[in-house]
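For reference, the structure discussed in these notes is given below.
The values are calculated or read from the model by the stated rules, or taken from the named source; none is laboratory data. These numbers come from a predicted model, not from an experiment. A quick note on method: Cβ atoms are made from the backbone with ideal geometry, for glycine too, and the neighbour counts reach across all protein chains shown.
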Amino acid sequence: MSTNTQNQPTLDPAAALDDRFCAAIRTVVPDLPDDQVKAHIGPSRQPKFGDFQSNCAMPIAKRVGMKPRELAAKIVEAIDVSGIAQPLSEESIAGPGFINVSLLPEALGSALGAIDTDQLGIEAPANSKTIVVDVCGVNLAKQMHVGHLRSTVIGDAIARIQERLGHCVKRQSHVGDWGRPIAMVVEELCVMEDAGTDLSSITLAQLNAIYKVVGAKCKAETKALELIMKVGGHAKAEIELKERIAVADAAMDKAKARLVALQSGDERSVRIWQLIYDITMSACLATCKRLHANITDEHSAGESTYRDELSPLVQDLIDRKIAVEDDGALVVRCEGIKEPTIIRKRDGGFLYATTDLAAIKRRVGKLGGDEVVYCVDSRQGLHFKQVFAAAHKAGYDKTPSGNDAVLVHTMFGTIFGEDNKPLKSRSGENLNLTDLLDEAVARASAAVAEKNPDMPEAERQTISEAVAIAAVKYADLSTERIKDYVFSFDRMLAFEGDTGPYMLYAIARIKNMLRKAVDRGVDVEAAKTASFSLADPAERALALMVLRYPTIIRAAGDHHEPHRLCGYLYELASLFAKFYEQCPVLKEGVEESTRDGRLRLSMLALRVLQDGCDTLGIPTVDRM
Ligand code: ARG
C-alpha cells in the first residue's frame, strides 16, 4: 500500500541509517530476498556504546548460514555512513553481532536545528495528490452508534494525516438516506400526520424507535409458516401466522409504493423525507463537532444524491455488456471473485453496490481523486472488493489524466464489550454514541475533580470534555485499525499509560514548565534559538525521537494507519518524562546555556506532541 512516500531528504538519522544498512546488506548478500533486507535499527541499549544499534546480522546470518559476527564484519566493511555517523570498524561489533553506531558530534544538533521550523520537517510534496476519504456514513432515522465512532474518528484522522502531508483531501460521508427502509419511515410518518401528530417536534430518538417498529411490521414470518406447513403444526397457529404475514405484506406494499412516490418527487413524501434528513443530520453533525472530527454539511454526499445517476449507469453497463442478466437480476462478474455483484434486483430496484459504483465515478471523475480511501467496517470487505473490481472493469476508476485511481478499503475491526461480544447497551441494543460520550465525560469529570479539588466548576467542565473525547478517540486510534478491541472506560481514562489523558497530561506539563520559566523571568523567546544541550543520554534519546516525526507521519500516511502516530507520540511523551526526571531545567544551579538548550528541546518536543495530536484530531488542554 506504500503509495505516498516521497523521496525527500530525511532529517531522521534512524531512517538515513536504515537506508545505508540496507544498501550494505544488499552488497554483502546480493541474493537475499527483498523482504528480508531489514536493518533493524533501534536506539542503543547501552548509550555508552553509541546512539543506535543495528540487529540485522543475527537473523540474516541464520538465513544464509553464516556466523553473525562474520556477517557483521562484512557489513561494517561495506557500509558507508559518511555524513551521518562516525566510521564503523570491527570495534563497532558487540556481543553476538550487534553493530553500534555513534552519530557525528555535530549531526544531532544540526538535524534538530533543521527540523525546528514551522513545518517540523514535513515539507509539501512535489506532486500533491487528491485523496477522497469516505468517512462517517450514518443512516437516516437512526442515532449514531459505536460503529460510526470508528468510521468518523479513524476516517477523519486518515484525512488529517494526508492533509498534514500536503495532499488535497476531500471528505465524503456516504449517508444511507435512500431506499426502502427510509420509505418505510416516511410512510409511517404520513400515517402519523394523518392521525393528527405534529411532525415538526419529532426527535431523532423517536425516529429511531419508529424505524425499529416499522422494520418489524414489514417483516413477514414466511420461514415460520414454511416450517409449520412442513412439520404439520397446529391449525390455529397456521391461521394466525397467515394473517400476520398478510399484514406484513400489506405494510411492505405500502412501503414500496411510498418509495416509488418518493423517487418520482411526490411533494408530501419529499417534504417528510427532508424532515427526517434534517433531524438526523443535525444530530450527526453535532456529534462530529463534539468529537473534533472535521466533518460538516459540505461533506455529506448521501445515497440520494446519486439517484438520478443510477439508471444511466446501469444502462451504460448493459450497453457495454459489462452487466449481464442472471435469473432476472442484473449482475457484474469479475475475475477472482466468486460472488457476482448484483446491481439491479429482479424487481428493478437498485442496490448498495449500484450507488457505490456511481460514487466511484463521481469521486474519481468529478472530484479528481487519485486515491479513494474507504474507512468502513471490515464486515463490508466483500462489498468493496466487488465494487472496486466492477468499477475497474467498467473503467469508472480512470482519472481524467487516464490513470487508474487507487481504491482502498481501509477497514476497521469491531468494538467489543467487556464480555467479548460486540458492544451493546444493557438492553441488547446498539449503543448510542451520545450516551457513551456523556458517560465518558461524567467519569472524566470525577477523575479531574479528584486530582484538582479546587478547580473552578466551569474550567473542570471544559477540561473533562476534552479529556473524555481524547480518551475515547485515542483508545480507538491507538489500536491497529484492522483489529477488534475491547471498550473499557477504566483503561482509556487512566492518566498513566498509553492513553489519551496521558498525552494531554504530557502536553500540559510542558506548558506548565514554560509558564514557570516565564514567571521566573527566563527569556523563553531567546531560548528558542539557543544551542541544544545534548550531553545527557536522556536528552539524546528525546532528541532522536523528535527527529523521527516526519518518518512516522509518512509511514502513517502510506499505510493509512493512525495507530503508528499514536505509538510514536506515546514513546515521545515517555522519553520526555524521563528527560524531565533526569535533566533539571529550571532548578537552581543549572547553567544558563544548559537551561536554555533544554528549554529549546522541551519546546520542540511540545510542538511535535501538539502537532501530532492535531493531526489525529485529539483535543488538548493548557492545564490539567
Ligand atoms: N451507511 C453505511 C453503513 O452504515 C456506510 C457507508 C459506507 N460508505 C460507502 N461508500 N459505502 O453501513
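A compact table of results
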{"item": "Within the range 298-342, considering residues that are more than 16 Å from the ligand (Cβ to nearest atom) and polar (S, T, N, Q), the one farthest from residue 179 (Cα to Cα)", "result": "315"}
{"item": "Residue under evaluation residue 384, criteria (1) away from the ligand (no atom under 14 Å from the Cβ); (2) of a type in the set (Phe, Trp, Tyr); (3) within 30 Å of residue 327 (Cα to Cα), criterion not met", "result": "(1)"}
{"item": "Members of the range 35-63 that are over 22 Å from residue 535 (Cα atoms) and without any contact (Cβ under 8 Å) to a residue 24 or more places away in the chain", "result": "35, 37, 38, 39, 40, 59, 62"}
{"item": "Selection from the range 226-279 of residues that are loosely packed, with under 11 Cβ neighbours inside 10 Å and among the basic types (Lys, Arg)", "result": "230, 236"}
{"item": "The lone exception for residue 289 - which of (1) crowded, with 20+ Cβ neighbours inside 10 Å; (2) closer than 24 Å to residue 432 by Cα it fails", "result": "(1)"}
{"item": "Within the range 508-624, helices (runs of 4 or more DSSP H) holding 3 or more residues that are in contact (Cβ under 8 Å) with a residue 60 or more places away in the chain and surrounded by 20 or more Cβ atoms within 10 Å (Cβ to Cβ)", "result": "537-547, 549-559, 562-582, 592-616"}
{"item": "Matching residues, the range 343-375, being more than 16 Å from residue 170 (Cα to Cα), in contact with a Ser or Thr (Cβ under 6 Å, 6 or more places away or on another chain) and within 12 Å of the ligand (Cβ to nearest atom)", "result": "353"}
{"item": "Inter-residue pairs, beta-carbon under 8 Å, first on the phi < 0 side of the Ramachandran plot and in the range 320-346, second surrounded by fewer than 16 Cβ atoms within 10 Å (Cβ to Cβ) and among the β-branched types (Val, Ile, Thr), 6+ apart", "result": "330/318; 330/324; 331/324; 332/324; 333/324"}
{"item": "Residue within the range 431-449 that is closer than 23 Å to residue 171 by Cβ, within 15 Å of the ligand (Cβ to nearest atom) and either touching a residue at least 12 places away in the same chain (Cβ under 8 Å) or hydroxyl-bearing (Ser, Thr, Tyr) (or both) present", "result": "yes"}
{"item": "Residue 396, sole failed condition from (1) part of a helix (DSSP H, G or I); (2) within 14 Å of the ligand (Cβ to nearest atom)", "result": "(1)"}
{"item": "Test: residue in the range 47-57 that is in a helix (DSSP H, G or I), modelled with pLDDT of 95 or more and more than 16 Å from the ligand (Cβ to nearest atom)", "result": "yes"}
{"item": "Test: residue 111 is touching a residue at least 60 places away in the same chain (Cβ under 8 Å) and in contact with a helix residue (DSSP H, G or I) (Cβ under 6 Å, 6 or more places away or on another chain)", "result": "yes"}
{"item": "Residue 66 being surrounded by 16 or more Cβ atoms within 10 Å (Cβ to Cβ), free of Cβ contacts under 8 Å to residues at least 24 places away in the same chain and of a type in the set (A, V, I, L, M)", "result": "yes"}
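Yes or no, residue by residue, for (1) more than 27 Å from residue 536 (Cβ to Cβ); (2) of a type in the set (S, T, N, Q); (3) surrounded by 17 or more Cβ atoms within 10 Å (Cβ to Cβ):
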{"site": "54", "(1), (2), (3)": "no, yes, yes"}
{"site": "57", "(1), (2), (3)": "yes, no, yes"}
{"site": "77", "(1), (2), (3)": "yes, no, no"}
{"site": "92", "(1), (2), (3)": "no, yes, yes"}
